[in-house]
1. How would you rank THR72, THR456, going from fewest to most other Cβ atoms within 10 Å of each one's own Cβ?
2. How much of the DSSP bridge set in the chain is antiparallel, in percent, rounded to the nearest 5?
3. What length, rounded to one decimal in nm, is gained on full extension from ASP208 through to GLU375, with 0.36 nm per residue of separation minus their alpha-carbon distance?
4. What are the aspartates and glutamates whose alpha-carbon lies under 19 Å from the alpha-carbon of LYS76, with same-chain residues fewer than 8 places away excluded?
5. With 29 Å as the limit, write out which pairs from LYS42/LYS110; LYS110/LYS382; LYS314/LYS382 have Cα-Cα distances beyond it, or answer none.
6. What are the aspartates and glutamates whose alpha-carbon lies under 14 Å from the alpha-carbon of LYS414, with same-chain residues fewer than 8 places away excluded?
7. Would you mind calculating the gained length between ASP31 and THR343 on full extension (0.36 nm times residue separation, minus the Cα-Cα distance), in nm to one decimal?
8. List every DSSP H helix in the chain whose Cα atoms extend 15 Å or more along the helix's own long axis and whose mean Kyte-Doolittle hydropathy is at least -0.5.
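Every number in this text was worked out from the coordinates using simple rules, so none of it is lab data. All of these numbers come straight from a predicted model, not from anything done at the bench. As a convention, Cβ positions derive from the backbone with ideal geometry for all residues, glycine included, and neighbour counts pool all protein chains shown.
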Amino acid sequence: MQTVPHKNISPATSSTNLPTFELELHDTATDGRGVGRLANGKVVFVEGALGGEVITASLLQESSSMADARITSVIKKSDMRQKPPCRHAHQCGGCQLQHVTPAGQLSLKKQWLIQTLRRIGQWPAEHIQAAGRLLRYEQASAARYRQRVRWHFDGQNLGFFARRTHQVNSADGCLIVAPQLDRARSELQARLTSPEFQKLFSDAQLVDLQIEATLLKNEVVTLWLKDTRCNAGGAAEAKLREAMHGFVKNWNGVQIDDKGFIRVAHPDLESFVISPQGFLQPHRSAMELYRSEITRQLKQLIKLPALEQLHNKKNWAAWDLYCGAGAFSDLPAKVGGNSRHVTTWCVEGVSAAINALKWNHPSLAHQATVEDVREFIAARVKASELPDLLLCDPPRDGIGAPTVRALAQALTKKKSPSVVVWIACDMASFARDTKPFLDASFHMQSIALFDCFAHTVHAEIISIFWYSGADQP
């Protein structure tokens with residue numbers, strides 16, 4: 001498509017003062033922006049646009065290799081486009097896909113996963129084709145699903161950052177936040193804008209107050225003071241922090257027990273605790289969906305003829321890496337059943353999480369360890385103390401290909417079979433971290449995409465790999 005001559009333009013420049021041009025978009029990037037090309041061949045990204053659309057746009061900025069543009073009108077609309085259901089969609093930075101239909105969001109995430117396996121993971125073509133055949137997907141509820149949220153407060157507004165800025169926009173009536181959290185936000189906003197707090201914020205020259213809110217099993221909302229940034233520093237900032245900690249403590253009341261735990265919903269356990277700052281699946285249905293997927297796939301897997309030796313084995317060794325408070329730590333024993341003795345090592349670098357795990361799963365307390373996961377793997381590989389069943393749920397940036405490569409190679413030297421369950425909330429780290437298993441001749445049993453982050457570009461991936469053992473054909 002033809003474009004007008006262009007120069008570097010500040011993103012802050014109003015699009016009403018900029019010349020517009022027609023642009024055809026050939027793809028949708030993994031951050032939700034439409035992708036096209038300028039007349040000079042440079043790739044251009046357009047917020048709020050979709051692959052397949054023809055739009056008019058104004059150029060915002062241009063570097064030596066790419067450009068950013070702003071959509072001004074849609075000439076040819078994608079079938080995926082919808083009217084954003086949330087009134088904050090055009091300002092809030094929390095959701096990138098409000099303008100995409102639910103079916104379109106799922107379609108994009110499936111497309112992005114396959115693209116990521118090829119571009120970032122460098123998976124061989126046969127494995128990408130297998131992933132395409134095996135891929136199953138599930139879309140959880142898209143409205144009022146978040147049971148934990150982090151708000152920003154700038155002295156006046158309590159909500160989320162605007163897109164690509166640190167300007168706070170109100171989150172009143174947020175489409176994806178549970179109603180209890182939304183009501184708590186309104187109450188918290190009123191309290192924080194009271195004269196008492198306003199003077200503290202003014203004296204400390206507040207820049208940003210970050211507060212995490214968690215919906216408990218009893219439907220009560222607790223708060224956690226995540227961070228405070230002020231320009232004044234010194235006594236004024238210390239006084240503000242002290243006042244905020246006192247406020248949060250009074251707000252939470254008895255919801256934090258004498259061990260420092262809060263009780264959150266769990267699909268199978270009557271009581272499940274985490275620390276107030278501990279990890280919690282954002283979607284209220286996520287833990288049930290993921291546990292069901294892992295359990296069902298593993299029970300089918302161990303019946304394969306190639307894994308007969310594992311099926312007949314009476315003592316299993318299992319690892320749950322980045323175990324947190326034990327959301328999945330009981331699953332190896334659950335899959336093993338009454339006929340097997342399963343020893344599960346639970347490894348996490350955060351002591352508060354391990355303390356919660358010991359309370360949630362007393363039978364696993366002796367195998368729960370506070371340790372760097374990479375160091376744990378290295379030590380066990382060196383000692384040839386390897387698992388039959390491995391669960392790994394690493395942080396967003398993954399565990400790292402070198403560590404996984406050493407682990408995969410060690411597992412292939414075992415005489416008996418090995419099964420690996422990989423859980424990832426980032427497609428890129430999933431693609432990088434799992435390729436070493438494929439390189440080591442592991443078989444991919446299943447791969448599932450869970451859209452538990454509706455209206456955002458995120459998804460959760462659960463995939464299971466197995467190796468029949470060095471003594472097997």
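1. Listing THR72, THR456 from fewest to most nearby Cβ atoms yields THR72, THR456.
2. Of all bridge pairs located within the chain, approximately 70 percent are antiparallel.
3. Net length gain for the segment: 56.5 nm.
4. GLU22, GLU24, ASP27, GLU47, GLU53
5. Too far apart for the 29 Å limit: LYS110/LYS382.
6. Those aspartates and glutamates meeting the cut-off are GLU385, ASP388, ASP471.
7. 108.2 nm
8. Flagged H segments are 401-412, 427-439.
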